[in-house]
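Visitor: After the structure tokens below, expect a handful of questions from me.
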Amino acid sequence: MIEETKVLTSRIHKKDSHTLESYREDGGYEAAAMALAMDPDEVTAIVKDSGLRGRGGAGFPTGLKWTFLPKDRDFTYLCVNADESEPGTFKDRVILDLDPHLMIEGTVISCHALKSEHAFIYIRGEFCRPYRRLVAAVQEAYEAGILGDNVLGTGRKLDITIHKGAGAYICGEETALLNSIEGLRGQPRIKPPFPTNHGLFGRSTVINNVETLANVPVILKEGAEVYRSRGTEKSPGTRLFSVSGHVERPGVYELEHGVSFKDMLNDICGGVKGGRALKAVVPGGSSVPVLTAEESMKLQMDFESCQECGTMLGSAGVIVMDETTDMVWALDKLTHFYAHESCGQCTPCREGTGWVAELVHLINQGRAKSADFDKLIDLGTQICGNTICVFSDAVFMPVMSYTTKFRSEFESKLIDSAPVHEKVGA
Ligand SMILES: Cc1cc2nc3c(=O)[nH]c(=O)nc-3n(C[C@H](O)[C@H](O)[C@H](O)COP(=O)(O)O)c2cc1C
Ligand code: SF4
């Protein structure tokens, strides 16, 4: 029987865990004081040695990303990505709501490593209480001399500006986030140039996820070696898994990378709801390929194992679907969401996501023919990789995996419902 490994979430059940007083009682900001006494490059080296990988989706090594900043830069920004809009992902809000100082301490340490004097926190507009608590925590930090012109008495400067999003999923994409802060339309930028060279207001910028930064004080406090003792060699540390769907106990659970999905499902989440059979699992947020029950029962929850299984760990938003789930209905809901959230810059994405949503909807309503199904698959292959950002891939990975792995469900809803491959060959 496995249990949670509470590292980032060790304090969240305490009374007033979101306050500075409570955070300090548990040794809060000691790691920041330690880091500020070090050379910035030394701090970066520790984070690099820890093997910390980004928790926002791509799993890019954090320390390595920091080293991409040009040496001769004049000014650096850190942007904290607290937009958390991926369906099935709801773990950053737990930190923002219940332990915001953990993330602020991570920001203080990271800004020191990056030689940055200004961080922006871009928070999802719909996060009401987390926003209020974050604002209060930043205010507390200013009043306590943790932020401002004399950070923890070191003479260093650090300001934090909180920026509230206005409800667009695409603003979680890092360059759309930068545009949004600048007051421009929240649309992704063409890369290169990459934000480390030309980011916010044209300055060198690092963008990191909330959970990524919440790991930084832990790494500084316990050292890279102890940090690496949890998880797997290539996916070190713990992970906040957001588990939703047909499980007895949905929620946010902190487990070591590499935990088996089966143990997570049965020991942590109480099994499939009502004792029903498992049908499908999305392991990393709605944009990653779906797995069948058989595939998921062999899965380990780390970056490499997910990749080997043909999917991605992404943002670790685990959506569990039982035998009663209509997979065509599920994809209908998903494609409707994505068609609504395309920023509209690229024609293949703007038009394609709309067509895809319409075709899936037609199939779900039993009003499509096998030729429509073929068109759906064809669209997927044409749109992927031909756009400014990877949003279009995030739409078509689910489309391709749902229609391939649960093909018979789609076929059974077609007006001319003989197997599609027979018709294609006819
Ligand atoms: C369409 C799209 C939406 C995204 N949404 C988020 C988000 O809500 N939160 C987040 O942290 N990263 C999101 N990302 C990933 C960010 O672009 C970026 O890679 C991440 O914030 C980097 O932080 P990390 O290296 O700490 O993971 C999104 C990416 C794409 C393409
Ligand atoms: S792929 Fe879609 S979301 Fe991304 S920039 Fe192009 S239109 Fe916008």
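The values are calculated or read from the model by the stated rules, or taken from the named source; none is laboratory data. Predicted model, so just to flag it, every value in this text is computed and none were measured. Counting neighbours? That spans all protein chains shown, and the Cβs are built from the backbone with ideal geometry, glycine included.
Visitor: Looking at the range 132-153, is at least one residue surrounded by 22 or more Cβ atoms within 10 Å (Cβ to Cβ), within 16 Å of ligand 1 (Cβ to nearest atom), in the same structural domain as Phe68 (by TED's automatic domain parsing) and over 30 Å from Gly385 (Cβ atoms)?
Guide: For the range 132-153, residues surrounded by 22 or more Cβ atoms within 10 Å (Cβ to Cβ), within 16 Å of ligand 1 (Cβ to nearest atom), in the same structural domain as Phe68 (by TED's automatic domain parsing) and over 30 Å from Gly385 (Cβ atoms): present.
Visitor: Also, I was wondering about something else. Just to be sure, is Gly258 surrounded by fewer than 21 Cβ atoms within 10 Å (Cβ to Cβ) and free of Cβ contacts under 8 Å to residues at least 24 places away in the same chain? So that I can check it myself, show each step before the final result.
Guide: Working: surrounded by fewer than 21 Cβ atoms within 10 Å (Cβ to Cβ): yes; free of Cβ contacts under 8 Å to residues at least 24 places away in the same chain: no.
No; evaluated as a whole, the condition is false for this residue.
Visitor: Can you confirm whether the range 41-50 contains a residue that is under 21 Å from the mean Cα position of the chain (by Cα) and surrounded by 24 or more Cβ atoms within 10 Å (Cβ to Cβ)?
Guide: So in the range 41-50, the residues under 21 Å from the mean Cα position of the chain (by Cα) come out as 47-48, 50.
Imposing the further condition that a residue be surrounded by 24 or more Cβ atoms within 10 Å (Cβ to Cβ) reduces the set to 47, 50.
Yes, the conditions are met somewhere in the range 41-50.
Visitor: Looking at (1) closer than 21 Å to Gly385 by Cα; (2) without any contact (Cβ under 8 Å) to a residue 40 or more places away in the chain, which one does Gly275 not meet, given that it meets all the others?
Guide: That leaves (1) as the condition not met.
Visitor: Output the qualifying pairs, or none if there are none: Cβ atoms under 6 angstrom, residues six or more apart or on different chains, first residue in the range 56-80 and free of Cβ contacts under 8 Å to residues at least 40 places away in the same chain, second residue away from ligand 2 (no atom under 16 Å from the Cβ) and in a loop (DSSP other than H, G, I, E, B).
Guide: What qualifies is Phe60/Gly54.
Visitor: With the checklist (1) in contact with a Leu (Cβ under 8 Å, 6 or more places away or on another chain); (2) more than 16 Å from ligand 2 (Cβ to nearest atom) in hand, flag the one item Leu178 doesn't pass.
Guide: (2)
Visitor: Still on this structure, I have one more. Counting only residues that are part of a loop (DSSP other than H, G, I, E, B) and aliphatic (A, V, I, L, M), which one in the range 164-194 is farthest from ligand 1 (Cβ to nearest atom)?
Guide: Taking the candidates together, the pick is Leu184.
Visitor: List the residue pairs whose Cβ atoms are under 7 Å apart, where the first residue sits in the range 166-189 and is over 11 Å from Asp83 (Cα atoms) and in the same structural domain as Glu86 (by TED's automatic domain parsing), the second is more than 12 Å from ligand 2 (Cβ to nearest atom) and part of a loop (DSSP other than H, G, I, E, B), and the two are 6 or more positions apart or on different chains.
Guide: Thr175/Pro195; Leu178/Pro195; Leu178/Gly199; Ser180/Gly165
Visitor: Glu222: out of contact with any Asp or Glu (no Cβ under 8 Å at 6 or more places or on another chain) and within 25 Å of Leu64 (Cβ to Cβ), yes or no?
Guide: Considered against the rule, which asks whether it is out of contact with any Asp or Glu (no Cβ under 8 Å at 6 or more places or on another chain) and within 25 Å of Leu64 (Cβ to Cβ), Glu222 comes out as yes.
Visitor: Follow-up. Would you check which residues across the range 343-396 are crowded, with 19+ Cβ neighbours inside 10 Å, polar (S, T, N, Q), more than 25 Å from Pro195 (Cα to Cα) and within 16 Å of ligand 2 (Cβ to nearest atom) and list them?
Guide: Selection gives Thr353 alone.
Visitor: Of the numbered conditions (1) more than 16 Å from ligand 1 (Cβ to nearest atom); (2) surrounded by fewer than 19 Cβ atoms within 10 Å (Cβ to Cβ), His340 satisfies every one except a single condition; which is it?
Guide: Failed condition: (1).
Visitor: Look at Glu351 and say whether it is modelled with pLDDT under 95 and away from ligand 1 (no atom under 16 Å from the Cβ).
Guide: Yes, satisfied.
Visitor: Restricting to the range 357-394, name every residue that is in a helix (DSSP H, G or I) and hydroxyl-bearing (Ser, Thr, Tyr).
Guide: In the first step, residues of the range 357-394 are kept if they are in a helix (DSSP H, G or I); the result is 357-364, 370-383, 391-394.
Across the range 357-394, the qualifying residues are Ser370, Thr381, Ser392.
Visitor: Could you please find all residues in the range 166-187 being in contact with a Cys (Cβ under 6 Å, 6 or more places away or on another chain) and closer than 27 Å to Lys115 by Cβ?
Guide: Within the range 166-187, Glu173, Leu177, Ser180 meet the criteria.
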